[in-house]
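Only the coordinates and a few stated rules stand behind these numbers; no lab work does. In this text, all values refer to a predicted model and were calculated from it rather than measured experimentally. Every residue, glycine among them, receives a Cβ derived from its backbone with ideal geometry; neighbour counts consider all protein chains shown.
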Amino acid sequence: MPKLIKNRSVVEDDFVLIKEFNEGDAVPAGKIILPVQVYLDQRAELAGRDDVAVWLESDQPAELLKEIADEVAFLAVNFPKFADGRGYSYARLIRERFNYTGELRAIGDVLLDQLHFMARCGFDSFAVREDRDAEEALKAFEAFRYSYQGANDDPSPLFRKRLG
Amino acid sequence: MYVYDDYDHAIIEDRVNQFRDQTNRYFDGKLSEEEFLPLRLQNGLYVQRMAPMLRVAVPYGMLASNQLRKLAEIARKYDKGYAHFSTRQNVQFNWPELADVPEILAELATVEMHAVQTSGNCIRNTTTDQFAGVCHGEIEDPRPYCEIIRQWSTFHPEFAFLPRKFKIAVNANTLSDRSATDVHDISLHLVKNDAGETGFRVVAGGGLGRTPIIGSTIREYLPAEDLLTYLDAIIRVYNQKGNRLNKYKARIKILVKALTPEVFAELVEEEWSHIKDSDSKLTPELIEKMKSYFTEPAYEALSDNNEAFEAKLAESKGFANWVKRNVAEHKKPGYAVATLAIKRPGHAPGDVTDLQLEKIADLADKYSFGEARTTHEQNIVLADVKKSDLYAIWEEAKEAGFATPNLGLLTDMICCPGGDYCALANAKSIPVADEIMRRFDDIDYLHDLGDIDLNISGCMNACGHHHVGNIGILGVDKKGEEFYQISLGGDSGKITDTAIGKILGPSFKRDEVVNVLDKILNIYVEHRQDDELFIDTFNRIGMSTFKERVYAKAN
């Protein structure tokens with residue numbers, strides 16, 4: 001079973017990521033993460049299930065998640081390449097604009113050196129790429145003691161703390 | 001100058017340790033080349049033709065003498081004894097070993113310096129006027145705002161992986177623009193509103209490179225306290241909508257142009273409406289606190305007329321020439337701004353030796369409150385010197401090779417490292433600069449020609465800003481041979497009329513460049529009226545006169 005960082009510790013991930021979905025296929029039973037468009041297309045049938053999460057591709061607008069955020073198991077945002085940084089803005093919109101409080105998972109090219117930024121933007125679970133050591137990746141959360149700017153994890157910028 | 005507190009020290013120390021760990025993991029094979037690339041770039045580390053190149057941030061160009069001495073020490077210990085000042089006010093080392101870089105960063109941290117975000121697709125060092133705080137015509141000192149931007153942009157978690165690099169410049173001067181502000185991704189012009197309050201005119205979507213574009217004003221007045229939330233809104237829009245498929249179309253300028261500035265501005269305003277009152281909104285207390293780091297040094301009350309200075313001016317033509325070109329007016333009576341010209345034949349523009357760095361530090365300590373500044377034109381400024389000290393400074397600068405009285409003249413060129421060092425370049429640029437410097441070495445002729453910006457880039461990426469040079473030279477590759485394309489009419493010195501140069505015609509071989517330049521200058525001299533500058537003559541008579549003469553068949 002793939003590893004997942006959740007609540008700053010490594011756990012087994014029992015959700016299955018459905019990367020590709022051909023039109024006409026039946027939606028599988030069990031815990032799955034569906035492409036958001038598939039979910040939207042079959043929303044009426046799937047809305048009752050509590051074991052269906054959805055994932056957003058980086059070239060899709062975050063707004064697709066707005067209406068369905070509270071009826072799915074959780075939301076995931078894909079990083080097709082770690083250098084594709086759109087997901088950071090999506091995470092902040094999902095948290096701060098859509099007021100989503102459930103699990104927000106980073107999937108795809110998720111690597112140690114990006115976790116600090118992801119966590120600051122509102123991700124709270126991380127499907128670290130399978131060829132990497134998830135335990136070692138935990139140290140990313142200890143990299144910085146302070147941050148200058150406000151973000152989702154702590155909206156108060158350092159300048160406010162300095163002024164007391 | 002800004003002084004680190006415990007927080008700043010902790011953040012930079014943590015960064016050094018993080019990079020040490022990343023470098024170790026790279027050497028251990030736990031980070032692939034591709035994965036390490038953006039991590040090292042965000043620490044200013046390129047891998048160039050010969051060796052890695054480390055770019056150290058000089059926030060908005062300010063250097064204290066102890067920092068200059070540390071740079072000299074690093075140049076000696078880890079490099080071949082010299083460093084290079086870039087057009088974005090930073091310092092580069094061309095020969096460090098990759099394995100030494102964490103240690104170099106640790107040494108830099110001891111003098112409150114770093115290499116954070118000096119490269120990579122993130123927010124880069126914010127630049128401004130090298131005469132900030134000391135010149136006439138300034139709305140307010142721009143540096144407190146530059147430092148606010150520096151802190152906000154440092155490790156900004158949302159904007160570490162933008163579509164492309166992102167550069168911000170701040171201008172506060174109403175008389176001239178010394179930092180090519182409007183060819184930046186965002187340029188901020190300090191302005192006052194009708195109520196006398198300070199704010200910014202916000203310009204977005206400028207840039208050089210393959211598609212040079214002058215930025216468009218997207219907001220006429222932004223209150224100063226809204227600075228960071230508005231920047232967040234602009235970059236959040238860009239981060240989501242910028243082109244990520246084609247790196248040549250990835251800069252914000254392409255997005256602003258494609259959407260039109262009006263539509264882009266609407267998107268920004270919409271985004272901003274949600275975040276403008278967040279905790280990131282600045283407070284008057286913070287702005288005041290930041291201003292307290294950039295207060296005036298302990299100026300003496302002096303008369304603006306200094307007899308000894310005037311006597312030396314009358315006595316020495318060399319000194320008078322230097323003062324005319326390299327010394328600028330200071331807002332305080334009896335003080336002046338002296339620029340050390342560090343370009344000279346046989347040396348790449350912007351290159352300085354370790355000993356020269358130490359000499360600059362000594363001059364700064366002795367004459368200018370221990371501070372120096374780097375400039376967009378790759379020179380060094382002593383911003384607070386007494387007029388009565390100018391003669392002594394000139395003599396010391398002359399000895400160190402810093403006193404060529406060529407500031408703003410033809411041979412005060414901007415030049416990228418070019419094909420000698422850079423893996424991207426199509427052609428060499430330093431030898432061209434060198435040939436120009438050697439050919440045009442008659443200082444009286446250079447003074448007679450007056451202000452001319454000559455900018456040289458070794459490729460389309462335009463690091464030498466050839467587009468905004470009055471005369472621009474661009475290296476191009478034609479079937480493996482180096483050619484040079486010449487453009488005329490670029491201009492970056494004006495507040496509202498930044499202009500992109502136009503191409504003169506077919507490109508030239510390297511050995512033809514100097515002669516072509518000579519022809520161009522002769523045409524100018526023949527046509528100029530009174531004290532008309534090159535750029536003004538060009539704008540009056542147009543390209544055709546130049547084109548006809550330069551390409552006329554010899555008979």
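Brief remarks on what is shown
- Hits among lysines - C-alpha to C-alpha of B:Lys312 under 28 Å, sequence gap 8 or more where chains match: B:Lys324, B:Lys331, B:Lys332, B:Lys343, B:Lys359, B:Lys366, B:Lys386, B:Lys387, B:Lys398
- Inter-part distance where the stretch B:345-416 and the stretch B:283-309 are each reduced to a Cα centre, Å: 22 Å
- Peptide-level mean, for B:278-284, of C-beta atoms on other protein chains within 10 Å: 4
- Those residues of the stretch B:384-421 whose amide nitrogen sits under 17 Å from the label point placed on B:Glu310, 7 Å along Cα→Cβ: B:387-391
- Counting beta carbons within 10 Å around each of B:Leu175, A:Leu112, B:Leu521, B:Leu302 and listing the fewest first gives the order B:Leu175, B:Leu302, B:Leu521, A:Leu112.
- Charge dipole (debye, nearest 20) of the stretch B:152-248; +1 at Cβ of Lys and Arg, -1 at Cβ of Asp and Glu: 640 debye
- Cysteines not pairable in chain B (beta carbon separation under 4.7 Å absent): B:Cys122, B:Cys135, B:Cys146, B:Cys415, B:Cys422, B:Cys459
- Percent of Cα-Cα distances greater than 48 Å, calculated over the protein assembly as shown: 20 percent
- In a reduced charge model with +1 at each Lys and Arg Cβ and -1 at each Asp and Glu Cβ, the protein assembly as shown shows a dipole moment near 1340 debye about its Cα centre.
- For peptide A:79-92, the mean count of partner chain Cβ atoms within 10 Å of a residue's Cβ comes to 6.
- Charged side chains reduced to their Cβ positions (Lys and Arg at +1, Asp and Glu at -1) give chain B a dipole of some 2000 debye around its Cα centre.
- Comparing B:Pro163, B:Tyr299, A:Ala140 along the charge dipole axis of the protein assembly as shown, the residue lying farthest to the positive side is B:Pro163, per the Cβ-charge model.
- Prolate/oblate/rounded label for the stretch A:3-163 (Cα gyration tensor, a/c 1.5): prolate
- Cβ-to-Cβ counts within 10 Å put B:Asp365, A:Asp154, B:Asp389 in ascending order as A:Asp154, B:Asp365, B:Asp389, the fewest first.
- Shielding by other protein chains, B:157-169, mean Cβ within 10 Å: 5
- Phi-based couplings in Hz for the stretch B:79-91 (Karplus 6.51, -1.76, 1.60; Gly and Pro marked x): 10, 9, x, 8, 9, 9, 8, 8, 6, 9, 6, 9, 10
- Per-residue ³J(HN,Hα) for the stretch B:541-546, Karplus 6.51 cos²θ - 1.76 cosθ + 1.60, θ = phi - 60°, Hz, x for Gly and Pro: 8, x, 5, 4, 4, 5
- Think of the protein assembly as shown as a dipole: +1 on every Lys or Arg Cβ, -1 on every Asp or Glu Cβ, centred on the Cα centre; then among B:Val237, B:Gly206, A:Phe117, B:Gly206 lies furthest on the positive end.
- Neighbour net charge for A:Pro155 - beta-carbon separation under 9 angstrom, K R +1, D E -1: -4
- Positive-end extreme of charge dipole, the stretch A:3-163 - chosen from A:Val54, A:Ile94, A:Leu65 (charges on Cβ): A:Ile94
- Working note: 222 nm ellipticity from helices only, DSSP H runs with n ≥ 4, each -39,500 (n - 2.57), summed and divided by the residues of chain B, gives -11500 deg cm²/dmol to the nearest 500.
- Here the residues B:Val476, A:Val38, A:Val110, B:Val268, ranked from fewest to most Cβ neighbours within 10 Å of their Cβ, fall in the order B:Val476, A:Val38, B:Val268, A:Val110.
- Three-way shape call for chain B based on the alpha-carbon gyration tensor, with the a/c threshold at 1.5: rounded
- Simple spin-label estimate for B:Val476 and A:Asp41 in nanometres, 7 Å along Cα-Cβ: 4.9 nm
- Charge tally in the Cβ shell below 13 Å around B:Val476, where Lys, Arg are +1 and Asp, Glu are -1, B:Val476 excluded: +3
- Estimated distance in nm for a label pair at A:Ile68 and A:Lys81, the labels positioned 7 Å out from Cα along Cα-to-Cβ: 2.7 nm
- For the stretch B:217-279, the fraction of alpha-carbon pairs in successive 5 Å shells from zero, as %: 4, 18, 29, 23, 15, 8, 3, 0
- Sum of side-chain charges, B:Lys359 neighbourhood, beta-carbon under 12 Å (Lys, Arg +1; Asp, Glu -1): -3
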